[in-house]
Amino acid sequence: MVNGDKQSGKVINESTSSSASSSNTPANANILKECHSLYVEGDYGLIKTGRLLGLSLLAPRRKIMVMLIGNHSAGKSSFINWYVGDRIQKTGVAIETQGFTFITNGKKRESLTGKATLHLHPHFKALENIKGLSDYLSTEISPSLANRFNCVTFIDTPGLVDGDMYYPYDVDKAIQWLGGIADLIFVFFDPIGQALCRRTLDVVQKLNAVNTEKIKLYLSKADEAGEESDRQKVMMQIVQELCKRPGLNKTGFQMATIYIPDSRIMRPTNCINQIDDIHEQIEKTINYTVQHSLNTLEKDCDRIINLIDKKIADDDEKKSKNLHARIKSSAFLLISLFLPFLIILREGKSLTLFSSIKQLTGESVVLLLENILQPIGDLWKTLPHEYHFYVHIGIILTSLIFLGMGLYTAKFVPSLDRKTRNDLIKRKEYILSRIKPRRYTLYKEYLAQSVNDEDLLG
Ligand SMILES: Nc1nc2c(ncn2[C@@H]2O[C@H](COP(=O)(O)OP(=O)(O)O)[C@@H](O)[C@H]2O)c(=O)[nH]1
Ligand SMILES: [Mg+2]
């Protein structure tokens with residue numbers, strides 16, 4: 001019977017480590033969740049506001065992603081089961097994992113197929129481009145209550161084997177792509193037989209070229225490596241093989257020895273278990289992600305506020321330009337109307353016009369008009385009669401010029417309508433009065449986990 005078969009039902013104590021209980025605190029999970037919802041919530045979420053301003057924002061992830069790679073039977077699935085505290089992945093010496101499985105926590109136990117997996121993680125859509133892969137994607141949802149599993153999604157990958165093993169899709173390509181989006185990549189080397197699997201080394205070498213910081217190496221199933229001297233030999237062998245590969249022979253090379261601290265899996269051993277290192281790596285990454293999300297949230301708020309301010313200032317400028325243009329063009333149009341009016345007045349048709357003006361506006365306006373027109377009338381009388389025609393033509397031409405100028409200056413630049421402008425102002429107020437203060441409180445909650453209360457007040 002294989003070891004995996006011995007596992008049954010709910011397994012495993014939360015951890016061997018004391019630090020594990022402090023990792024992935026509900027506060028961090030809550031902060032990541034809230035950060036995410038400030039981007040997507042209702043009508044006033046940052047993504048929607050950003051889109052209105054031509055800014056495409058990405059909601060921060062609610063969970064970090066940890067990818068496990070290694071030889072077939074290196075203990076990847078067993079590690080996930082132990083971490084989650086639920087026998088969620090099949091384990092054993094037979095090749096169990098042919099595809100990629102996302103393991104995440106949720107309301108109830110559920111298995112999702114490829115299509116549903118892509119629906120749940122729309123940012124994995126690009127995986128559809130790898131021919132044949134979508135049938136080999138799945139998600140396992142566990143209702144595990146383990147705190148440490150709050151903000152982690154594991155990616156279990158197919159065990160890599162040398163030789164003629166046939167994969168119905170480009171497995172290397174899929175690992176490289178997922179490695180790019182994962183926050184951590186754990187590579188498991190097991191001491192028995194396949195520790196030096198060429199295929200695993202090839203994949204690690206390629207991943208390392210772009211994801212150096214994410215990659216953490218482990219000697220898994222260390223309890224099976226025999227005595228301390230045997231373990232040292234195995235380690236030396238692996239390190240030697242790794243160092244032959246350009247890029248992997250970096251200084252500060254580290255490889256922790258780990259095994260599953262469960263009596264149903266492990267062999268009696270006095271080997272030191274460095275599995276706490278995994279907790280530390282995950283905890284560090286979650287902390288980094290929380291800080292990064294809160295900082296990005298602040299930056300995104302400021303970017304949006306700046307864009308709104310700029311848009312409103314632009315609009316003010318446009319509106320003032322339009323007002324100028326309106327005044328100018330109205331003045332030109334008025335002059336162009338007034339000039340022919342002079343001719344009408346002097347052509348004796350003034351009586352009917354004056355009485356209409358009188359009816360409309362009252363006596364005083366007619367008096368004012370008569371006062372203004374008096375000197376013009378006097379000047380007109382001094383002009384010889386034969387010139388009247390030319391003066392009329394001159395007045396009409398000048399009037400047409402003013403009309404042209406009036407139309408030419410009536411060019412308005414499009415500005416914001418009142419509804420859009422008010423909406424932008426409301427969105428800015430929402431960011432200032434709701435999102436920013438919320439971010440401030442979340443940062444405080446985050447720091448309160450580690451910093452003394454008196455330091456927080458400052
Ligand atoms: N002794 C020992 N056995 C382990 C350990 N981890 C896993 N195994 C066993 O190794 C076998 C393969 O493990 P599995 O998790 O399926 O490997 P995977 O192919 O990498 O997913 C199973 O029979 C497990 O019970 C460990 O830390 N110590
Ligand atoms: Mg497996």
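The values are calculated or read from the model by the stated rules, or taken from the named source; none is laboratory data. Just so it is clear, the structure is predicted and the values come from calculations on it, not from any experiment. Cβ: placed from backbone, ideal geometry, glycine included. Neighbour counts: every protein chain shown. Side chains are part of the model used for accessible areas, which takes the heavy atoms of the whole protein and leaves out ligands, DNA and RNA. Shrake-Rupley method; radii C 1.70, N 1.55, O 1.52, S 1.80 Å.
Data table
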{"read-out": "Candidates ASN273, ASN249, filtered to the one that is in contact (Cβ under 8 Å) with a residue 60 or more places away in the chain, of a type outside the set (Val, Ile, Thr), more than 20 Å from PHE154 (Cα to Cα) and assigned by TED's automatic domain parsing to the domain that holds PHE100", "value": "ASN273"}
{"read-out": "Single match in LYS76, LYS63 (criterion: crowded, with 24+ Cβ neighbours inside 10 Å and out of contact with any helix residue (DSSP H, G or I) (no Cβ under 6 Å at 6 or more places or on another chain))", "value": "LYS76"}
{"read-out": "Among the candidates ARG109, ARG87, residue that is within 16 Å of ligand 1 (Cβ to nearest atom), in the same structural domain as PRO26 (by TED's automatic domain parsing) and open to solvent by 30 Å² or more (accessible area, probe 1.4 Å)", "value": "ARG87"}
{"read-out": "Condition broken by PHE412, with the remaining ones in (1) farther than 15 Å from ILE304 by Cα; (2) surrounded by fewer than 12 Cβ atoms within 10 Å (Cβ to Cβ) satisfied", "value": "(2)"}
{"read-out": "Qualifying positions in the stretch 154-207 - modelled with pLDDT of 90 or more, away from ligand 1 (no atom under 15 Å from the Cβ) and open to solvent by less than 10 Å² (accessible area, probe 1.4 Å)", "value": "ALA174, LEU178, GLY179, ALA182, LEU184, LEU207"}
{"read-out": "Among residues of the stretch 45-84, those that are among the small types (Gly, Ala, Ser), within 13 Å of ligand 1 (Cβ to nearest atom) and part of a loop (DSSP other than H, G, I, E, B), counted", "value": "3"}
{"read-out": "Qualifying positions in the stretch 112-138 - part of a loop (DSSP other than H, G, I, E, B) and buried (at least 20 other Cβ atoms within 10 Å of the Cβ)", "value": "LEU133"}
